[in-house]
Each structure stands twice: as C-alpha cells, then as structure tokens.
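Engineer: There's a structure below that I have some questions on.
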Amino acid sequence: MVKENFERPIIKKLNIGISSKFGMKTEFEPITHLDGVAVKDLVKEHGSPLYVISEKTIRKTYAEAKRAFETRYPKVQFAWSYKTNYIDAVCNVFHQEGSWAEVVSRFEYDKAISNGVPGNKIIFNGPDKTEDDLHTAIDNNSYIHIDHFDELYMLIDIADKHKNKPKVAIRVNMDTGIYPMWDRFGFNYENGEAWEALNRIMLSKKFDLAGIHCHIGTFMLTASAYAIAATKLADLAINLKRKFNHNISYLDLGGGFASKNTLKGSYLLGIDTSPSFDDYAEAITTTLINSQIEPENLPVLILETGRALIDDAGSLIGSVIANKKLSDGRRTTILDIGVNLLFTAFWYEHKITPAQDFSQHTEVTSVYGPLCMNIDQIRESVSLPPMKRGDNVVISRIGAYNMTQWMQFITLRPRVVMIDTKEKAHVIRDHETNAAITSLERMPEHLKLNK
Ligand SMILES: *Cc1c(COP(=O)(O)O)cnc(C)c1O
C-alpha cells in the first residue's frame, strides 16, 4: 500500500462580526494607549491632530516579511520605498534593519544620501532622471533602473565620461492578469521591447547590467500575479545567459503587497482578505527556484515593499470638533482630521476608534474633516458610539503614503512622533508654523501694505 502524503490542515480566522446594511462596526474596545503611551498624554503634550509611528510595529512587520522570504530563498534584500513614507527617522529604522533605499526622484535620492545610506545601496527608479541625476548616481555607484529608451540613450551618451561602469537594470512592465495593466513605466515584456533594451545594453558594452526590475501595481490582492511576474523576469535572465553568457546579479520584484486596510466597497475586512507575506513569498520564490536559472547563479531577490511594511505602524490621533445632524437626520461627527492629512481616506474604509470609554450604543455616523470642502469626508457611514466635543479618536493603519501625500491646505500640518521600543515618544517632525510656510514666499515691493 502506498502511503498518502500528509497535508497539514490550516485554520484561518474570519472576523466577520455582526454586520448591518451599514457595514460593520469598526471597533468594540477603545484605544486608550499606543505602545504603552496614553493617547490623552500624547494630545496634551503634542496637540491634536497628531501622527504617531510605532517603531516596534515597524521592526516587527519587517521581521515578518524578512522571515517569510528568507526561509524560502537564499538571497533576499529589501529596499525601502521612500515615497511610501520618507520621514527620515522612519527611513532609518528600515536602514538599521538592513534595508537599502529605493527612490524615484532626486529629492528622495538626496534624502537617502543625507540619511547615511551608501550610494551602492540606493536603487534609483522613476521616469524623470536628469543628466545631472544620472552623473551623480554613476559617481556614487548606485543602481540605475532605466525606464525608457530616451534614458538609455542618454546613459549611453554619458557613460564614457566616468571611470566606473554604470550599474544598470531595466524596469519591465507586463501582463500579469491584473487590469488595468501598469504599462506606462519601463519596457514591455510581451511586445519584445524589454528584450530589445537588454540587447542594446549588452551590445553597447558600456554597462554593468546588474538586474531586471518590475513593479506590477499597488495593493495587489492576488499573490499569483507575482508568480507570473517572476516567470517573465526569470525568462529574460535565462535568455541573457543563453545569448551573452551573462549572469545578472538580482531580480527586483518591486513593491505592491497589500496592507491590512479595507478597500472602499469591500464587504470583508482587509485583515481577512489581504494575502500574507507568506503568500507573496511562496508565489515568488517557488517560481524562481523552479526556473531554469542554474542554482549557483540564482540572483538576489530584491523587494521594494512599501505600504505593507509601514501601514500598521502609523496611527492618527484626532479630536471631535462637533456633532451635527444632516438634513436627512443622519448623525455627523466633525473631526480635526481632514483629507489633507488622510489622503488614503479616498481609498480605504479607515478604522476609527474612540480613545476613551464609550457606551455600547452605536449609531450610523458620517465622519467629516474640518476643511471647508464637501469632499472632506473621512468615512461615509460607520457605526460609532456617540462622542462629545473634545473626545479623541485613533485612526489606525495610516503609516503608508499619508505622510508623503499630505497637503498643507487650509491648515498647517501637525507633529509626527515616534514611540520607540522602550515606550518613549520622540518628535520626529515638528508642526509647521506660519513662518516656515511663508518663508518661501516673496512680496513684490508695490504690494506691501505695511511699508
Ligand atoms: C511606489 C513604489 C514601490 C512601493 O510600492 P508599495 O505599493 O507601497 O509597496 C516600489 N517600487 C516602485 C518602483 C514604486 O514606484
């Protein structure tokens, strides 16, 4: 008798809760503390609204992602996506953990350098690199990810001016079964453009062709799309080996892993539907390990994960300004947090939790911000207990993109604090002042009122 293979059963928790036609109640317990620090104390000391970053959560999430990949693949390197959150202290937590920097502009590139990241640990992505940017990147031995032929021709033109061979990769776009396809960045795989770019790079003999890169989208809910992407990148690597006997040193699968936020219009919560790091790692590493790439030449796997590494670490504390009834009788709560501070409110059903004890009675509430604009809505309808003016709320999972896409609109941007692993809060970005904002403005002489 042949012994059947045993497959371990798995149990997955579904937090569906009691939902009504207005969706799910967001929380059942108040959030009175963040990493051991009382929300009320934070507000007293730093004001409201207030961004709070948990250093502990960043390190824990990073360790989870690293473990998921390193247990499955021998050579893994993360590169922190600056545009996801480029507050310097946040970047440096990732750099301390071993992350390189992934930047998409000169502004971000210079930030990485001034944070102390060595040039040869910076990946320079993006369609907009000037000739001067490229010279700097070559001098610093950074990895230049070429986005289009015009950039390649510019590089071919300037490469000889340098003693060191520029280290380059190309960005590849492709059909991974997810639509709309992100085909405006990089060279297309299916129509042969990516292969042509690689041929031109090899034939020019001017470059150290170090890697092949893709970034297939963001908040990707299908882990298998990464298996397709890895297959196509591996295919290019194998063809390079065959035709030029060239081994590339890395494949960069980009970012795009979903965080645990809940997308607008989704019935189930993000914590139940977003793939885990293990799911993504399984899809990518299995493909690479099973590919035709020789085992001794397996490239380093680079990941530019942004959102999934930082979303959970960020919270936004706010205060209730007022309660009102809309003309149809619906309850409305106005917070001091507007979409200028919570850009992701346009995509996510953010979890809003009172920061003090509340009654079990809840009411369907529309939550607005303080801006004089109709679009300034944080939640269209959410079950919340009644709160009074001055009460605090905590909006969770806001670490990704809000501290970069925020706007200085109508109000000044508030402080950002980081709570370290010993439960001590540090100001990592101060609140803006009128003087700081207007210091960039210039008043023409004839318009001065107080001469
Ligand atoms: C934005 C971006 C990332 C990070 O994407 P996430 O969806 O936040 O993981 C990585 N690589 C490139 C090239 C990007 O533009």
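Engineer: Would you mind finding the one in Tyr73, Tyr86 that is more than 16 Å from the ligand (Cβ to nearest atom), open to solvent by less than 60 Å² (accessible area, probe 1.4 Å) and in contact (Cβ under 8 Å) with a residue 60 or more places away in the chain?
Structural biologist: Going through Tyr73, Tyr86 in turn, the sole match is Tyr73.
Engineer: Could you list, in sequence order, all residues of the range 263-281 that are within 16 Å of the ligand (Cβ to nearest atom) and either open to solvent by 60 Å² or more (accessible area, probe 1.4 Å) or in contact with a His (Cβ under 7 Å, 6 or more places away or on another chain) (or both)?
Structural biologist: Residue satisfying the conditions is Asp279 alone.
Engineer: Being in a strand (DSSP E or B), of a type outside the set (Gly, Ala, Ser), within 16 Å of the ligand (Cβ to nearest atom) and open to solvent by less than 20 Å² (accessible area, probe 1.4 Å) narrows it down to one of Ile284, Ile317, Ile302, so name that one.
Structural biologist: On inspection, the qualifying residue turns out to be Ile302.
Engineer: Quickly run through the range 424-434 and pick out the residues that are open to solvent by less than 70 Å² (accessible area, probe 1.4 Å) and free of Cβ contacts under 8 Å to residues at least 40 places away in the same chain.
Structural biologist: Glu432, Thr433 - these are the residues of the range 424-434 that are open to solvent by less than 70 Å² (accessible area, probe 1.4 Å) and free of Cβ contacts under 8 Å to residues at least 40 places away in the same chain.
Engineer: I need a count of the residues in the range 389-423 that are closer than 11 Å to Leu316 by Cβ and within 19 Å of the chain's Cα centre (by Cα).
Structural biologist: Within the range 389-423, residues that are closer than 11 Å to Leu316 by Cβ and within 19 Å of the chain's Cα centre (by Cα) number 9.
Engineer: May I ask you to list the residues in the range 182-204 that are assigned to a helix (DSSP H, G or I), open to solvent by 20 Å² or more (accessible area, probe 1.4 Å) and among the small types (Gly, Ala, Ser)?
Structural biologist: Within the range 182-204, Ser204 is the sole residue that qualifies.
Engineer: Does His215 satisfy the condition of being in contact (Cβ under 8 Å) with a residue 40 or more places away in the chain, more than 16 Å from the ligand (Cβ to nearest atom) and assigned to a loop (DSSP other than H, G, I, E, B)?
Structural biologist: In short, no.
Engineer: Exactly one condition in (1) surrounded by 18 or more Cβ atoms within 10 Å (Cβ to Cβ); (2) within 16 Å of the ligand (Cβ to nearest atom); (3) farther than 21 Å from Thr404 by Cβ; (4) of a type outside the set (A, V, I, L, M, F, W, C) is not met by His148; state its number.
Structural biologist: All conditions are met except number (1).
Engineer: Among the residues in the range 221-233, are any in a helix (DSSP H, G or I), surrounded by 15 or more Cβ atoms within 10 Å (Cβ to Cβ) and of a type in the set (D, E, K, R)?
Structural biologist: The answer is yes, given that some residue of the range 221-233 is in a helix (DSSP H, G or I), surrounded by 15 or more Cβ atoms within 10 Å (Cβ to Cβ) and of a type in the set (D, E, K, R).
Engineer: Report, ordered by the first and then the second residue, all pairs with beta carbons closer than 6 Å, sequence separation of six or more or different chains, a first member in the range 235-262 that is assigned to a helix (DSSP H, G or I) and open to solvent by 40 Å² or more (accessible area, probe 1.4 Å), and a second member that is modelled with pLDDT of 95 or more and away from the ligand (no atom under 16 Å from the Cβ).
Structural biologist: If the second residue must be modelled with pLDDT of 95 or more and away from the ligand (no atom under 16 Å from the Cβ), the pairs left are Phe244/Met202.
Engineer: Let me confirm something: among Thr421, Thr411, Thr404, which residue is within 16 Å of the ligand (Cβ to nearest atom) and either modelled with pLDDT of 95 or more or surrounded by 15 or more Cβ atoms within 10 Å (Cβ to Cβ) (or both)?
Structural biologist: Thr404
Engineer: Continuing with this model, one more query. One residue is enough: does the range 47-56 have a residue meeting the conditions of a type in the set (Lys, Arg) and within 16 Å of the ligand (Cβ to nearest atom)? Spell out the reasoning first.
Structural biologist: First, the residues of the range 47-56 that are of a type in the set (Lys, Arg): 56.
If we keep only those that are within 16 Å of the ligand (Cβ to nearest atom) as well, we get none.
Within the range 47-56, not a single residue is of a type in the set (Lys, Arg) and within 16 Å of the ligand (Cβ to nearest atom).
Engineer: So which residues in the range 94-115 are open to solvent by 60 Å² or more (accessible area, probe 1.4 Å) and of a type outside the set (S, T, N, Q)? Working first, answer last.
Structural biologist: Step one: of the range 94-115, the residues open to solvent by 60 Å² or more (accessible area, probe 1.4 Å) are 96, 106-107, 110, 113-114.
Matches in the range 94-115: Arg106, Phe107, Asp110, Ile113.
Engineer: Could you grab me the full set of residues in the range 320-346 that are within 30 Å of Val43 (Cα to Cα), over 27 Å from the mean Cα position of the chain (by Cα) and not in a strand (DSSP E or B)?
Structural biologist: Step one: list which residues in the range 320-346 are within 30 Å of Val43 (Cα to Cα), which gives 320-326, 330-346.
Those still in the list that are over 27 Å from the mean Cα position of the chain (by Cα) too: 320-326, 330-334.
Residues satisfying the conditions are Leu326, Arg330.
The values are calculated or read from the model by the stated rules, or taken from the named source; none is laboratory data. From a predicted model like this one, the values you see are computed outputs, not experimental measurements. We place every Cβ from the backbone using ideal geometry, glycine too, and count neighbours over all the protein chains shown. Heavy atoms of the whole protein, side chains included, go into the accessibility calculation; ligands, DNA and RNA do not. Shrake-Rupley method; radii C 1.70, N 1.55, O 1.52, S 1.80 Å.
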